[in-house]
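Coordinate-derived values only; no laboratory data. Note that the structure is predicted; figures quoted are calculated from it, not measured. For neighbour counting, all protein chains shown are included, and Cβ atoms are generated from backbone atoms with ideal geometry for every residue, glycine included.
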Amino acid sequence: MKKLRIATMITGRYTCPPPKGVIYAPMVIAKAIVEGLVKRGHKVFFFGPEGSNLKATKIISGGMNPLYGKKEHEILQGPMIREKEREKIKNLWDQYLISLIYREALKGKYDLIHIHPVDRVLPFSLAFENIPVVYTLHDPIYPWRRDIFRMFQSKNQYFVSISNAQRKPAPDLNWIATIYNGIDLKYFPFKQKPKNKTLFLGRILPTKGTDIAIQAAKLAKVKLIIAGSPNRGDFWENKIKPFLGKNIQYIGNVPYQKTYEYYGESKVSLFPIQWEEPFGLTFVESMACGTPVIAFDRGSAKEIIKNGETGFVVKNLREMVNAIKKIGQIDRRECRTWVEKKFPIEKMVDEYERIFFEILKKKIK
């Protein structure tokens with residue numbers, strides 16, 4: 001089998017792996033794909049900031065340092081830096097890496113390009129139609145994004161969805177596959193006997209429904225542990241902080257490498273999502289540890305959770321409360337088995353390898 005030469009990029013904001021305290025799901029997935037492909041003998045050229053480190057992979061930074069590390073880059077501390085300027089700098093930081101990729105790609109150094117921040121790359125890919133590029137979409141396809149994707153669409157650009165639900169707003173894009181995110185099961189050990197508590201783990205935002213998880217726990221009269229990075233604004237001050245106490249505890253941001261401890265100790269994980277969740281990596285991580293999931297019926301929930309067997313997909317707060325009360329009906333071993341079958345990292349890498357060869361076969365024709 002031919003060995004591929006792949007250029008890939010996630011972000012210029014952080015090193016890969018990211019600094020301590022930063023949980024960035026697209027990077028977890030991208031890193032796993034890169035290292036899985038390298039293990040199979042493919043050459044992967046990873047474009048990222050200085051300080052990035054992936055197994056047996058060539059790192060190309062162009063001398064660029066990350067925007068966020070132990071402290072913010074000095075460029076963000078300069079005069080006349082308002083929020084608009086910060087956003088422009090973030091975009092340009094990514095586009096610097098992308099320009100390095102295309103400079104080398106034009107010399108024929110890569111078979112294809114695999115990109116995660118799709119919004120930054122579209123103009124490059126449209127300009128160089130002889131270079132195949134694959135995008136993994138990590139976010140919902142909002143109307144503005146759907147229209148822009150259509151505007152820039154060309155035959156050399158292929159889209160990968162991370163759930164079938166993610167595709168619904170734009171079914172006419174040049175989709176090449178739906179590839180579910182995979183996890184490394186050795187980092188999420190199974191635990192048969194949890195403690196008597198409920199978990200919310202994730203960013204503390206209205207879209208994640210942290211406040212609804214609190215309401216559900218109070219109504220079901222269960223102890224709730226909240227773990228994640230808080231948004232210290234009105235949402236935190238008005239919807240979260242006033243309800244913290246003995247039975248509703250906030251434990252702060254948990255390092256990614258330690259999340260399995262909190263999943264495994266919990267009877268159930270709550271995800272009352274308020275957006276069209278494109279995948280839900282936390283769903284899978286929780287189930288891998290044997291902990292069933294209760295999520296609102298938004299986005300990918302019905303695809304990722306086996307309703308009634310690895311958790312419950314519910315429509316509202318009342319249904320979530322009822323589901324908490326019957327969570328003992330779920331077999332924790334079934335949760336683990338479901339993840340082993342559907343979401344192992346090896347299966348994800350298999351699928352990316354398969355579509356890369358499929359795309360190159362099309363190009364040859």
Partner lysines whose C-alpha sits under 21 Å from that of K88, ignoring same-chain residues fewer than 8 away, are K71
With the label point 7 Å along the Cα-to-beta-carbon line of K168 and a cut-off under 17 Å to each amide N, the hits in region 280-324 are 280, 295-307, 313-316
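Compute the relative contact order of region 185-342 as a whole-number percentage, counting only Cα pairs closer than 8 Å that sit 6 or more residues apart in sequence. Each step should come with its number before you reach the end.
Numbers: 311 pairs, mean separation 41.1, N = 158.
With pairs under 8 Å counted, the relative contact order is 26 percent.
Loop-only trypsin sites (Lys or Arg not before Pro) in region 270-336, please: DSSP not H, G, I, E or B, and at most 15 other Cβ atoms within 10 Å.
Numbers: sites: R298, K302, K306, K315, R318, K325, K326, R332, R333, R336; in loops: R298, K306, K315, K326.
For trypsin sites (Lys or Arg not before Pro) across region 270-336 that sit outside H, G, I, E and B with at most 15 neighbouring Cβ atoms in 10 Å, the list reads K315, K326.
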Once both label points are put 7 Å beyond Cα along the C-beta direction, the L219-S99 separation in nm becomes 5.3
Stretched fully, the stretch from E72 through D184 gains (0.36 nm per residue minus C-alpha distance, one decimal, in nm) 37.3 nm
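Hey, fewest Cβ within 10 Å first, where do I305, I60, I212 land in order?
Numbers: I305 26, I60 17, I212 21.
In order of increasing Cβ crowding within 10 Å: I60, I212, I305.
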Sequence order, region 254-264: Karplus ³J(HN,Hα) from phi using 6.51 cos²θ - 1.76 cosθ + 1.60, θ = phi - 60°, Hz rounded, Gly and Pro as x, gives 9, x, 3, 5, 10, 4, 4, 5, 6, 4, x
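Longer than 26 Å from Cα to Cα, which of K302/K325; K341/K362; K109/K362 are they? Say none if no pair is. Don't skip to the end; give the middle numbers.
Details: K302/K325 20 Å; K341/K362 30 Å; K109/K362 19 Å.
Those over the limit are K341/K362.
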Rounded to the nearest 10, the angle in degrees between the Cα long axis of helix 345-364 and the longest principal axis of the Cα atoms of the chain comes to 30
If one compares the long axis through the Cα atoms of helix 210-220 with the longest principal axis of the Cα atoms of the chain, the angle in degrees, nearest 10, works out at 20
Out of V160, V22, V313, a Gaussian network model of the chain with alpha-carbon springs under 10 Å gives the largest mean-square fluctuation to V22
Among (i) 21.6; (ii) 20.6; (iii) 23.2, the entry matching Kirkwood radius over Cα pairs in Å as calculated here is (i)
For K197, counting only aspartates and glutamates whose alpha-carbon sits under 18 Å away and dropping same-chain residues fewer than eight positions off, the answer is D211, E261, E265, E285, D331
GNM of the chain, Cα pairs under 10 angstrom: of S269, S163, S229, the biggest fluctuation goes to S229
For the K107, E340 Cβ pair and Förster radius 45 Å, calculated FRET efficiency rounded to 0.05 is 0.60
What helix-only [θ] at 222 nm does the chain give? Using -39500 (n - 2.57) per DSSP H run of at least 4, over all residues, to the nearest 500, the answer is -11000 deg cm²/dmol
Residues whose modelled amide H sits under 5 Å from the amide H of F45, counting only those 5 or more places away in sequence or on another chain, are I6, A7, T8
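Mind checking the dipole of region 15-158: about its Cα centre, +1 per Lys or Arg Cβ, -1 per Asp or Glu Cβ, Debye to the nearest 20?
Numbers: 22 positive and 14 negative charges, 64 e Å.
With Lys and Arg at +1 and Asp and Glu at -1, about 300 debye.
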Filtering GluC sites (Glu not before Pro) in region 264-352 by DSSP loop and by at most 16 other Cβ atoms within 10 Å leaves E309
With label points set 7 Å from each Cα along the Cα-to-Cβ direction at R333 and F152, the distance between them in nm comes to 4.9
In terms of the charge dipole of the chain, which places +1 on Lys and Arg and -1 on Asp and Glu at the beta carbon, the residue among F271, L185, L67 farthest towards the positive end is L185
So the angle from the long Cα axis of helix 332-342 to the longest Cα principal axis of the chain, reported in degrees to the nearest 10, equals 10
